[in-house]
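Student: Structure in structure tokens, see below.
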Amino acid sequence: MRAGVFLCECGGNISGVVDLGPLAEHARSLDGVVAVSINQFMCGTEGRALIEKAVEERGLDHFVIASCSPRFQGPTFERIARELRLGENAVAFGNIREGCSYVHAQEPERAQVKARKIVEGAVARLHHMSDLPRQRTFLSRSVLVVGGGIAGMSAAEELAATGIEVHLVERQQSIGGYMARLSKTFPTEDCAMCSLAPRLTGTAINSRIHLHALSDVTAITGPPGEFSVTVRHRPRYVNEKCVGCGECAAVCPVTYPNDFDFGVSERTAVHRPFANAVPATFAIDRKGWSPCKTACPVHTSAHGYVALVAKGRYEEAWRVASEPNPFPSVCGRICTHVCETECTRGNVDDPIAIAGIKRFVADHGAPAELPAPLPVFYDEPIAIVGGGPAGLTAARELAQFGYKATVFEALPVAGGMLRVGIPEYRLPRDVLQGEVDRITALGVELKTGQRCGTDFTVDSLFADGYKAVFMATGLHQSKDLPIPGLDQEGVLRAVELLRAQALGEQPSTGKRVVVVGGGDVAYDAGRTAFRCGADEVTLACIEDERTAPASSEEIEEGKQEQVHVEYSLLPVEILGSGGIASGVKFQRCTLGAPNERGWRPPLPVEGEYVELSGDTVIFAVGQAIVADFTAGAEGVVVERGQIGVDPDTMMTGRRGVFAGGDAAAMGPWTAIEAIAAGRRGARAVHNFLRGELLVPVWDSEADKVKIPHTELEPFEPQARRIMKTLDGVARRTTWEEVRLGFSEEDVREEAARCLDCAVCSDCKSCVTACPADAIDFDQKAWDEEITVGAVILATGHQEFDAMRKLPLGYSRFRNVLTQSQLARLLSASGPTAGELKRPSDGEVPRRIFMLQCVGSRDCTSSGNEHCSAICCLFATLHSSLIKQHYPDAEITIGYTDMRTPGKAHEEYYRLVQERGVRYVRGRVGEILEEQDGSLTVRLENTMTGSKSEEAYDLVVLSAGLEGSKGTQDIARVAGVQTAAAGFIRELHPKLAPVDTQRTGMFLCGTAQGPKNIPDSIAQAKAAAARAISMLSTGFAMTPAQVAASDVSVCIGCGVCEASCPQTAIVLTLGADAHSVVDPNICRGCGICAAECPTGAIQLGGFSDDEVLAEATV
Amino acid sequence: MAKNFTKTPDVPRTEKGVTLFRSCLVSAEYPGVESSTKWLFERFGIEYTVNPDQTCCTGLGYYSDLMPIQTTVGIAARNACVVVDDEHPVMSYLCSTCYAINKKARNILDVPEYRAETNAVLGKIGREYDDRIAGTVQHKHTLEILWGAHDSVPGLIRRRLDGIKVATHPACHYCKVFPDETLGNNENFMVPEEMLIPAGVVCTGAYNEKQTHCGAGFRQRFVNPSISMGVTQKKLQRLAEEKVDVLVHMCPNCHVQFDRFSDIISAGSGEEYPFVHLHVQQLLALAFGADPEKVVGIQSHSQDVEPFLERIGARTKEAVR
């Protein structure tokens, strides 16, 4: 080795502390050193000449530069070595400035010793340095720009102008970003949209810019120059046929805070953010399915009809409620309403009274006329056995598919358990009959008094020409318990009692009734007993109060009617004498652990018995199938009390015979589950007869919307409307309907409590209204893979959430706004057409206070430490605009320090002062809202130290800037670092301000930090220039300082792969698995080398030998 | 708009091991607060004890400059030892001063030299505040324990409070001394109101001057009465504007300031403050059907609470369902 050592004085920065003469002498004595020089600035042309001369005259093959940190001038000397053909790893650096003279300026002796060691180490390292290979990589001449604000658009246009293909991905519905929402811009006070509009248009029509709006970048993989990008396109639910007429928005019942206007106005679920949006197509804000819709077994858009009811549109609401469910009136009365259990509003206070609203819709929104018969398209007649909710629903669905369906019902009336299992005081007969009539009006034939197995059989149905049979026979007998005394007079069964009563018989119950059971049927039997003449009804069940199985409505209404309930009792014997029952003997019990079906068996408590006396005992402990239909139905098997079916096809063991409802249950035995089963059965029959899967048997569910706890916090608790009922005791003697329904006023107020948690309610009003047939609810999110050479991140900022500063009253007080909201109010295209109207009363505010540094320059846990850079001039701009439009306005700006650097900014500040805006240096502790809507501002004047309380009409908070959610998301996807407040960290704050830690990824605009519009544009163009310079040659060389794996040493443990922050390392598969480093991606950080347990991975320029040689001199 | 409300996150239920930390102010001024709390614990099924070895927290003495901090810390350390040894290490404070001073002592006792200094004294009575004690004892305002059981509230309501407008007076020594440890939002403490929502109350949430203290200021009530009462009056005025029916308290010192002096301030100012002051446990117990005298101890109040009790049906047996 022939090495040179070049010592730099750094203009005195080094030589002022370290005596370079003795250091040079020492360097000359080191092994391999053949030349030593000292220069004032080694990085200058003289320094380069010195090196060239030494290489030429002394035959150097390596050299040491002892100067500043290699982060500053490392590339300079590496380039010199490369140009002198010394190779890629011929220079070692000794940092005797930052590492020595700077930190030991007051102790030169120690600095001298340290400098000797540093130079010795660098020379020792040279002995182990060998040339490093570099590779040529070809680059894709296309760039991904993430974010369509002013920075993203500027970068995209600049790139496109050089012939580079640009993919511009925007998360929002339109490009334009924050600037599109501004009124005017400082200091020139020109219209923001007027400046922006040409750029919007230019971007839209530029053939080299491929716009992906309403899209997210979800993955970026591969090496710089050939990044593979996954773009997820979210559905707009409005296709390209949209002509922008706005008819859809006119009928949309959902109003939501308009995010484009920062909440100072409302918009509909289908909307376009602003008139000249790009793209101009409307879109539907649809987060998924509301929890109510997801929970409903038939997936009724409860949200849809609730939203329509809130607007008083009852007929449309009925259309939504009845579309999947032919029994909206029934379900509005007796449904178990799991929709309410899941309702998001329940996480704020109480769930929306969805069932009550549905009942109102059915009672007041259903058309008076019956529907016309539907045309029959298919020749195959279909038989449905059982005219309950499952069978009748299947019949309606099949009629809608185009089949002729015939329903065979064993009883003399249709409706199944709805008709003969639910007492009239809960479900009036005419209500049910009205909905049955709507089904038969469609062309469904109903044959009552026809019992399967007796009057006909499944075999005879096929023989009569039916091509498929749907069995929905229900569970029409009570279960018994194996206890003594059941055959005594006075022992009744609930199902049979209720049926007898419903069919017009006058069943007799005694005066004192004991009902065994605690579910809805038990309550129905007990309450029916009252109406049949009982004076006293006691329910006894095995469950305790907390696990009682009846619905809350039954329990509450039972209480009102003075049904007495005894819990935790297991019946052991019916008491009586002479064949006449006189009561029930129970044993106390607890409930055991649930079995695989969730049922908890009773565990008797030894020796604890209770006797309840009564002249009538009614058993309501479950229902059972009446399996007489199996005669003449070979292949239809009843097992464990249920007809066996394939859940995917709903088909029984016999081809062409399907089953559903309580008799073939796949969930709880409820009416709504039976209706769902009917829908599934009809689809299954349709698929079977057509020989292909035309419709899914089970609904394809969309994602359920879940609102985070934090977003529910601000909602004001509101009481749920309570439905009026008949008087509790008086009604025991009447069959009149107990629950009286909501009044119109109550139902609309109750519906207005809905949080619109999915935004779009799926009411489909827009589908009907759209003249261009552009609404498409079948759109799905889809992924697109694109390849780009470079990436520019321009995802912008978001306004600090001023709600975090609770004492300032933002969002609590109507007249406390942020500057962004004020910008919308002052904008000619804003909700007030540029008129300043305070939100509480629409009056023009006269006294206005603007508070600076809200969430900025704030060391508390709820704020940010940084200065947001634009707020002083943002407030100044708005003050100026207001003063010019409303000269009488008195505006005070409470500031921490006024910061107005930048061209013409200080002048503008002075101008606005001269316009009469008052600037007060002060901090606000609290803002109070007075009853007239005015605001009391408590301010500490930090100039005078005095405190004051002043009244204002409007307060505007200059909320600071934070990295947007999109910025934080893209940082995660791209693998770049973020700094405080969520801004993306640049590679070097001074020397590489638009580069990121990842090669080929650049950043600009407020994603990098707070800045104004011209600075964002300048930075965007700088980022574009960086991308252009990278891609202009069409190829690039990989860096020398990258990691490499020695296959012979690697054990394939994968530690390096897991540790690499750049995802540059992959593990090969198979027995000889080993790691492979992609030099295109590797940034030479060395983490993998440090983590590698065997030393297989070595970092170029920092091999173990090099580092140890330097460190152990 | 009008987002005056914050929602408090759920916390794990405390089933057992609770020491009801008796408060001298509660015992002397509003014993019904303690009896209501015991009554509520029984309804919620929370196992608790009252330890006769527990002594006063001495917070009043310390904050009134009558007592050095070392004494207060020593007493706090002793009380911690007592409850841990009794295997009821969850201290349930009725008073926010007890809560804050014991937590402050907890932090001081984490400093080795102060702990050593304290243990030098405790050693004389055979006790030591060591890592076992420090790691076992838990300091909780009673509201934190009750909030853990709030899911049970709807099933326990026996007397509806429909239409009763309640506002919370957030105790400074709970919300401001350890703001990061406050349950929910320390700037808009909502737990008392949220506990009562199932009874049908109308909540106030944030209101003007909510964060303003009660005015008591320990000895300030006596040495600077005009300042003390001025602060109280300002708050009373704002609550009157809100048309509240009950200001719900969580600290006996605040409770004293408002209940004992409301009528006095009213007489002096000529203003009406037509609402009553109840500790949250008292109002919750009333909603659960408790007897106004035997459990809630309403007879120790200075204000006339009778009209309110009649309004909620607490004077008629039929109202209790």
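Student: I want to check the label-to-label distance for A:D841 and A:T590. Put each point 7 Å from Cα in the C-beta direction and report it in nm to one decimal.
Tutor: Placing both labels 7 Å beyond Cα along the Cβ direction yields 6.6 nm.
Student: In addition: Please state the shape class of the stretch A:797-963: rounded when a/c is under 1.5, otherwise prolate if a/b exceeds b/c and oblate if not, all from the C-alpha gyration tensor.
Tutor: Rounded.
Student: Let me ask something additional. Quick one: which residues, 5+ away or cross-chain, put their amide H under 5 Å from the amide H of A:L957? H built at 1.01 Å from N.
Tutor: Here A:L817, A:T818, A:Q819, A:L851 satisfy the definition.
Student: Related question: I'd like the FRET efficiency for A:D1046 and B:D151, computed as 1/(1 + (r/R0)^6) with the beta carbon distance as r and R0 of 51 Å, rounded to 0.05.
Tutor: 0.25
Student: Here is a further query. Which whole-Hz ³J(HN,Hα) couplings does the stretch A:88-103 yield from phi under the Karplus relation 6.51 cos²θ - 1.76 cosθ + 1.60, θ = phi - 60°, glycine and proline marked x?
Tutor: Whole-Hz 3J(HN,Hα) from phi for the stretch A:88-103: 8, 9, 10, 10, 10, 10, x, 7, 9, 9, 4, x, 9, 5, 5, 8.
Student: Can you give the average number of partner chain beta-carbon atoms within 10 Å of each beta-carbon in peptide B:177-185, as a whole number?
Tutor: 1
Student: Now a separate question. Taking Cα atoms, how many degrees apart are the long axis of helix A:429-440 and the longest axis of chain A, rounded to 10 and kept between 0 and 90?
Tutor: The angle comes out at about 70 degrees.
Student: Taking a ≥ b ≥ c as the square roots of the eigenvalues of the Cα gyration tensor of the stretch B:22-98, is the shape rounded (a/c under 1.5), prolate (a/b larger than b/c) or oblate?
Tutor: oblate
Student: Another question, if that's okay. Find, to one decimal place in angstroms, the Kirkwood hydrodynamic radius of the stretch A:3-126, where the mean of 1/r is taken over every pair of different Cα atoms and then inverted.
Tutor: For the stretch A:3-126, inverting the mean 1/r across all distinct Cα pairs yields 14.0 Å.
Student: Using only Cα atoms, locate the centre of the stretch B:1-45 and the centre of the stretch A:730-781, then give the distance between them in Å, rounded to an integer.
Tutor: With the stretch B:1-45 and the stretch A:730-781 each reduced to a Cα centre, they are spaced 41 Å.
Student: Calculate the length of the line joining the C-alpha centroid of the stretch B:225-289 to that of the stretch A:585-648, in whole Å.
Tutor: Spelled out, the Cα-based centre of one part sits 58 Å from the other.
Student: Right, here's the next one. Using only the alpha carbons of chain B, determine the length spanned along each of the three principal axes and report them from longest to shortest in whole angstroms.
Tutor: 56, 45, 41
Student: Report the gain in length on full extension from A:E890 to A:E266: 0.36 nm times residue separation, minus Cα-Cα distance, nm rounded to one decimal.
Tutor: Taking 0.36 nm per residue and subtracting the Cα distance, the gain is 221.7 nm.
Student: Among A:I927, A:I786, A:I675, A:I722, what is the fewest-to-most ranking by other Cβ atoms within 10 Å?
Tutor: A:I722, A:I786, A:I927, A:I675
Student: Here's something else I'd like to know. Mind listing the phi-derived Karplus ³J(HN,Hα) values for the stretch A:251-259, rounded to whole Hz, using 6.51, -1.76 and 1.60 with θ = phi - 60°, and x for any glycine or proline?
Tutor: 9, 5, x, 8, 10, 9, x, 7, 5
Student: Suppose R0 equals 41 Å; then what is the FRET efficiency for A:D773 and A:A828 from their Cβ-Cβ distance, rounded to the nearest 0.05?
Tutor: 0.75
Student: Order the peptides A:206-214, A:353-361, A:338-346 from the highest to the lowest mean number of other Cβ atoms within 10 Å of their residues.
Tutor: Per-residue Cβ counts within 10 Å, averaged per peptide and sorted highest first, yield A:353-361, A:338-346, A:206-214.
Student: Would you mind counting up the charge near A:C770? Only other residues with Cβ under 9 Å from its Cβ, with Lys and Arg at +1 and Asp and Glu at -1.
Tutor: Taking every other residue near A:C770 into account, the sum is -1.
Student: Let me ask you something else. Along the Cα-to-Cβ line of A:Y378, 7 Å from the Cα, sits a label point; which residues in the stretch A:435-472 have backbone N less than 19 Å from it?
Tutor: A:440, A:442-446, A:461-472
Student: Next up: Quick one: which of A:K479/A:K511; A:K241/A:K704; A:K293/A:K764; B:K104/B:K176; B:K104/B:K140; A:K805/B:K210 span more than 18 angstrom between C-alpha atoms?
Tutor: A:K479/A:K511; A:K241/A:K704
Student: On to the next question. On alpha carbon coordinates alone, what is the Rg over Rh value for chain A, Rh being the Kirkwood radius?
Tutor: Here the Rg-to-Rh quotient is 1.10.
Student: So, one more: Taking neighbour Cβ counts within 10 Å as the exposure measure, how do A:Y466, A:Y178 sort from fewest upward?
Tutor: Taking fewest neighbouring Cβ atoms as first place, the list is A:Y466, A:Y178.
Student: Could you please state, rounded to a whole Å, how far the C-alpha centre of the stretch A:913-942 is from the C-alpha centre of the stretch A:138-207?
Tutor: 38
Student: Once both labels are modelled 7 Å past Cα along the beta-carbon direction, what's the A:V610-A:S743 spacing in nm?
Tutor: Placing both labels 7 Å beyond Cα along the Cβ direction yields 4.2 nm.
Student: A further question follows. Please report B:C203, A:C532 as a ranked list, fewest other C-beta atoms within 10 angstrom at the top and most at the bottom.
Tutor: A:C532, B:C203
Student: Name the long-range amide H neighbours of A:E890: under 5 Å, sequence gap of 5 or more, or other chain; modelled H, no Pro or chain starts.
Tutor: Correct list: A:R847, A:I848.
Student: Would you please classify the overall shape of the stretch A:145-292 from the alpha carbon gyration tensor, given that a ≥ b ≥ c denote the square roots of the eigenvalues, rounded means a/c under 1.5, and beyond that prolate means a/b larger than b/c while oblate covers the rest?
Tutor: Oblate shape, in that a/c is at least 1.5 and b/c is the bigger or equal ratio.
Student: How far is it, in nm, from the label point at B:Q237 to the one at B:Q70 when both lie 7 Å from their Cα along the line to the Cβ?
Tutor: Result for the modelled spin labels: 4.6 nm.
Student: ³J(HN,Hα) across the stretch B:193-206 via Karplus (A = 6.51, B = -1.76, C = 1.60, θ = phi - 60°), whole Hz, x for Gly/Pro?
Tutor: Whole-Hz 3J(HN,Hα) from phi for the stretch B:193-206: 5, 5, 4, 8, 3, x, 7, x, 5, 9, 8, 9, x, 6.
Student: If you don't mind, another one. Per-residue ellipticity at 222 nm for chain A, helices alone: DSSP H runs ≥ 4 residues times -39500 (n - 2.57), over residue total, nearest 500 deg cm²/dmol?
Tutor: After summing the helix terms and dividing by residue count, I get -8500 deg cm²/dmol.
All of the numbers you see were taken from the coordinates with simple rules; none came from a lab. Source: prediction; values computed, not measured. Ideal geometry is used to build each Cβ from the backbone, glycine not excepted, and the neighbour counts take in all protein chains shown.
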